[in-house]
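Here's the structure, in C-alpha cells; my notes come after.
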Amino acid sequence: MDLYQEVTAIKGIGEKTAESLKKSGIITVRDLLYFLPRDYENYQTAVKIADLKPGKVIIKGKIADLKTVYTRRRNFTITSGTIADETGSIKAVWFNQPYRVKQFDEKKEYYFTGEYAFKANKYQLQNPSAILAEDVAAETSHLHPVYPQRSGVKSQQFVKFFDRLRPQFNQIPDLLPLENAPSFVRPAARKDALYSAHFPDTEREAEAARKYLAYEELLGLILASALSKAAAKKLRAAPLKFEAKNTKALLKTLPFTLTDAQKRATWDILQDLEKTTPMSRLLQGDVGSGKTVVAAIAAFQAIKSGAQVALIAPTSILATQHAEGLDKILSPLGVKTALLIGATKHKETVKEQIATGTADLIIGTHAILTDDTIFHNLALCIIDEQHRFGVKQRQKLLLKTPRNLAPHLLSMTATPIPRSLQLTVFGDLDISTISELPKGRQKIETKVIKETDKKATLYPKIHQEIAKNHQIYWICRAIEDTGTSSEVASVKRQAKKLQELFQKQRIEFLHGKMKPAEKDEIMSKFAAGKIDILVSTTVVEVGVNVPNATVMVIEDAENYGLAQLHQLRGRVGRGQDQSYCYLISKADQPTRRLKAMEATDSGFKLAELDLRLRGPGEIYGSLQHGALDLNIASFSDTALIAAARKQVAAIVKNLEQDPAYLTNYQELSAGIFHYQKLTILN
Ligand code: ADP
Ligand code: MG
C-alpha cells in the first residue's frame, strides 16, 4: 500500500467524500490511518431497559413514535422517540437534531448509547448515538471504535473505510530506528499499533497502540526542533562584544537594581551575543517582571559594538511606549532611537537615518521587517510579546542583515511556556526565565463577581477608586451588540451604560476596529490621565503601562483563557497603589479557571493549568496551524517525552557522524519536514 496516495485510492471513497475529508486535513491514506477513534464502545455491556440505572448507558432495541417539535425559541428543536426492548420502553430525546426523525428503520434493532438522566419530570435517554445492531454483529471484536465526526463524515463511515483497508495494514513499513528506543518500539510495532488502534480486541491492546503512536508523534516534534536547532548552529552571526564598563554605566543610570533573576537572564543573553552563532533565545517572565530593561541592556551591548538593533512590538501603541521607555534609558548614554510606525511623520527621514546608521535602535511593528526599510548594520532583533520568530520572519531578517550574517534573535513573552512544551515544541530555543518580580510589588486583589451582584459590590468600589483619582480598565468581549444576542457585554453598550452610572466621569472606548491613529489617541489620553474609565476589547492586553490605573474589570470573564486573563490583570498593579481585578461572571458558581485566578498570581502556575484545561492551541495562538494540537499524544505524557528526547539526542548525534543515518527511514525525514513546516514555518 502506498501510504501517500490520496484517499480516493480506497474503494468506497469517492471524490465527494475525499473533498469532505480534505477539509479536515485528511488527504492521503496515511492521514486516514492516523485518524484514530476517540473512544471505543463495548456493546456487550448493553443493558435491558428494565435494569436501567442513571448515567451513561447502552441499550439494544427498536425505536418508534419519532417526532420533532419546534420550541418557541427560534432554532431550537426537540426530537423524541420511544425505544423498546422485550423488558420495557423509554423515551429518547435529541436537542437540535431534527434529522433523527428520518434516521431510523422502525423494524430494525439498534444500539443506543447516551446519558440516561432525569429531565422534564422523567427519566429519558438524552442525545443517544445509534448504530445498527446487525453492523455490530458482523464485527469480530466486541470493542467498537467511535470516530470523531469530520466535515459530515460520520463515525460509521470511518468504520467502513477501515474495514476495507484491513487486509492492507500488513504493508505498513516501520517508521523509527530501534536504536535507543524504548522497548515497545520493535519491528512491526507501527503496523501493529495502527491495526490495534482501529480494531482492538481488548482495551489494553488499544491502550498500548495509543502509547506507541503517541511516542511517534512526540518524537517527530522533538526531532524537528532539534534539527532546526542544529541547522541554526551552522549559521554565522556578528559577535557583539561584552564590555563590563558599558553595562555598568547603563546600570548606574537605573533608578533600581536588577533582581537576581533579571541578572541571570541578562547574563545569558550578553554571553550569547558574543558568539559567532546567532542567539535564539526566549526570555519569559511574568507581566511586570522587568523584561524591557533586560532587552535594553542587550541592545546597548550590540550598539556599543557598532551594530543596529530592531525591537518589534505587536501594536503601534506598544511600540510607542517602548520607544519612550527605551529612549529614557538609553539616550543619556548616547544611543539614538527611532520609532517607525504607521503614524510616524517624516517616514522618509527616519528610514534615511536607519539606512545610514544614524539610528541605533529602531522600534516598530512587524511592518519594519516586511516594508522597504533598509538597515545599515542590523545584528540583533528583539521581538516583544511573542514566543518565537517564525521562519518567514527569519528569512526576511536575513535579507536585512549585512554579509550573509544571521541576526541574533531574542523573543520576550509574558505567557510562560510549561516545561513539557519547552522540551518538545520549543526545544530549538534557549530559554531564560525571570522567575521573580521586583521587590515591593503588591498582590492584585482578584475577585469573581456575579453579574447580578455588580450594583452591590462592584460599583461602590469603582466610586472609591475614582475618588482617589485612579483609573479603570473595563474589558468587554464584543465591540457592539450584534442582532438579537446581547448575551455578551459589548464595548459600545457598556460605555453608554457606565456613562449613565458615572455621569461626571470621563469615559471612552477602544477597540481593534478603530483606526490606528484613533486608538493611539485614546490610549495616549488614558496614559495621560485624561480618561477615567477606558472601556475596551482585549486590544489593551499586552504590555501597555499606565501606573495610575488600579482597577481591571473583565466582563464575561469565563470566556477567556487563564493566560489571557492574567495578561489583562497585569495591566493594573503597575504603580504604588493597591490594585484590583474584578472578574464578572454570569454563572451561578465561578468556574475552576476563575477560581484559579482568585487564588494565584503566578502566571506560570496559571499557564500550566491552562495547558491542562484547554490545551496548548488556545494559549499559544500565534503558533497554531496544528503544531501544538497533538493528535494522539498529550503534553502531560512526561515519561514518553523523556524517552523520545533520549532517542532524539541519539539520532542527532548519529546524523552528525553520518548524514545518511536516516536514509532507511525516509518517511521519518518526511514527517519531520511536516512538523518543521508546522512549528517552525509559522
Ligand atoms: P514586563 O516584563 O511586563 O515587560 P516591564 O519591563 O515593563 O515589565 O517592567 C515593569 C516595570 O518595572 C517598569 O516600570 C520597570 O521600570 C520596572 N522595573 C523593572 N525592573 C525593576 C527592578 N529590578 N526593580 C524595580 N522596578 C523594576
Ligand atoms: Mg513588556
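Give the angle, between 0 and 90 degrees and rounded to the nearest 10, that separates the Cα long axis of helix 666-675 from the longest principal axis of the Cα atoms of the chain.
60 degrees
For Ile449, list long-range residues whose amide hydrogen, built 1.01 Å from N in the peptide plane, is under 5 Å from its own amide hydrogen.
Answer set, sorted by chain and number: Leu583, Ile584, Ser585.
Which value, in Å², gives the accessible area per residue of region 359-408 when a 1.4 Å probe is used on the protein heavy atoms?
38 Å²
Over region 39-146, what relative contact order in percent results from Cα pairs under 8 Å that are six or more residues apart?
After rounding, I find 30 percent.
Modelling each spin label as a point 7 Å along the Cα-to-Cβ direction, I'd like the His366/Lys468 distance in nm, to one decimal.
According to this spin-label approximation, the distance is 3.9 nm.
Roughly what would the spin-label model give for Ala231 and Glu15, points 7 Å off Cα along C-beta, in nm?
Modelled inter-label distance: 3.7 nm.
If you take every DSSP beta bridge fully contained in the chain, what fraction is antiparallel? Give it as a percent rounded to 5.
40 percent
Could you compute how much accessible surface Asp430 exposes when probed at 1.4 Å, giving the result in Å² to the nearest 10?
About 60 Å², ignoring ligands and nucleic acids.
Between Ala50 and Lys653, take the C-beta separation as r, use R0 = 60 Å, and let me know the FRET efficiency to the nearest 0.05.
The pair Ala50/Lys653 has a calculated efficiency of 0.40.
Give me, ordered by chain and number, the residues 5 or more places off Val551 or on other chains with an amide H under 5 Å from its own placed amide H.
Amide H to amide H, under 5 Å and 5 or more residues apart or across chains, Val551 pairs with Gln471, Tyr473, Tyr580.
Could you tell me which of rounded, prolate or oblate describes region 445-600, using a ≥ b ≥ c as the square roots of the eigenvalues of the alpha-carbon gyration tensor, with rounded for a/c under 1.5 and, failing that, prolate when a/b is larger than b/c and oblate otherwise?
rounded
Between Asp588 and Ser524, what is the spin-label point distance in nm, taking each point 7 Å from the Cα along the Cα→C-beta axis?
Those two pseudo-labels are separated by 5.1 nm.
What FRET efficiency, computed as 1/(1 + (r/R0)^6) with R0 = 25 Å and r the Cβ-Cβ distance, is obtained for Lys241 and Lys396, rounded to the nearest 0.05?
The value I calculate is 0.40.
Roll a 1.4 Å probe over the protein heavy atoms and report the accessible area of Lys248 in Å², nearest 10.
Spelled out: Lys248, probe radius 1.4 Å, area about 140 Å².
Between 0 and 90 degrees, rounded to the nearest ten: what's the tilt of helix 391-400 against the longest Cα principal axis of the chain?
30 degrees
Helix 291-304: angle to the longest alpha-carbon principal axis of the chain, degrees 0 to 90, nearest 10?
The answer is roughly 50 degrees.
So if each residue of separation counts as 0.36 nm, and I subtract the Cα-Cα distance between Thr276 and Asp481, what length gain in nm does that give?
68.3 nm
So which of Lys234/Lys304; Lys119/Lys450; Lys248/Lys304; Lys304/Lys336; Lys454/Lys586; Lys11/Lys160 end up more than 18 Å apart, counting from Cα to Cα?
Over 18 Å apart, Cα to Cα: Lys234/Lys304; Lys119/Lys450.
Given a cut-off of 51 Å, what percent of all Cα-Cα pairs of the chain lie beyond it?
When every Cα pair of the chain is considered, 24 percent fall beyond 51 Å.
Please give the Cα centre distance for region 262-317 versus region 83-124, rounded to the nearest Å.
What the calculation gives is 63 Å, centre to centre.
When ligands, DNA and RNA are left out and all protein chains stay put, how many square angstrom of accessible area per residue does region 445-600 have with a 1.4 Å probe?
46 Å²
Would you mind working out the accessible area per residue for region 171-304, using a 1.4 Å probe, and quoting it in Å²?
43 Å²
So what is the relative contact order of region 328-450, in percent, for Cα pairs below 8 Å that sit 6 or more residues apart?
Relative CO of region 328-450 lands at 18 percent.
How far is the Cα center of region 398-475 from the Cα center of region 485-548, in Å?
First find each Cα centre; the distance between them is then 19 Å.
Which value at 222 nm does the chain reach when only helices count, each DSSP H run of 4 or more adding -39,500 (n - 2.57), with the total divided by all residues and rounded to the nearest 500 deg cm²/dmol?
-11000 deg cm²/dmol
Stretched out fully, how many nm does the piece from Ala670 to Ala188 gain, at 0.36 nm a residue minus the Cα gap?
Contour length minus the Cα-Cα distance gives 171.6 nm.
What do you get for GluC sites (Glu not before Pro) in region 482-586 restricted to DSSP loop and a cutoff of at most 12 other Cβ within 10 Å of the site's Cβ?
Glu487
With every protein chain in place, what's the accessible area of Leu178 (1.4 Å probe, Å², nearest 10)?
80 Å²
Mind checking the full-extension length gain between Arg403 and Tyr40? Use 0.36 nm per residue of separation minus the Cα-Cα distance, one decimal, nm.
124.8 nm
Taking a cut-off of 18 Å between Cα atoms, list the aspartates and glutamates near Lys595, but don't count ones fewer than 8 places away on the same chain.
The reachable aspartates and glutamates, counting only those whose Cα sits under 18 Å from Lys595, are Glu445, Glu451, Asp453, Glu555, Asp556, Glu558, Glu608, Asp610.
With the full set of protein chains in place, find how many percent of the accessible area of the chain is carbon and sulfur; take the probe as 1.4 Å.
With neighbouring chains kept in place, the figure for the chain is 50 percent.
For the chain, what relative contact order do you get, as a whole percent, if you take Cα pairs closer than 8 Å and at least 6 residues apart?
In percent, rounded to a whole number, it is 12.
Lysine pairs in region 31-110 8 or more apart or on different chains: how many have alpha carbons under 16 angstrom apart?
Value for region 31-110: 15.
The values are calculated or read from the model by the stated rules, or taken from the named source; none is laboratory data. For clarity, every value in this text was computed on a predicted model and none was experimentally measured. Reconstructed Cβ throughout: ideal geometry from the backbone, glycine too, with neighbour counts over all protein chains shown. Protein only, heavy atoms only, side chains kept; ligands, DNA and RNA dropped before computing areas. Shrake-Rupley method; radii C 1.70, N 1.55, O 1.52, S 1.80 Å.
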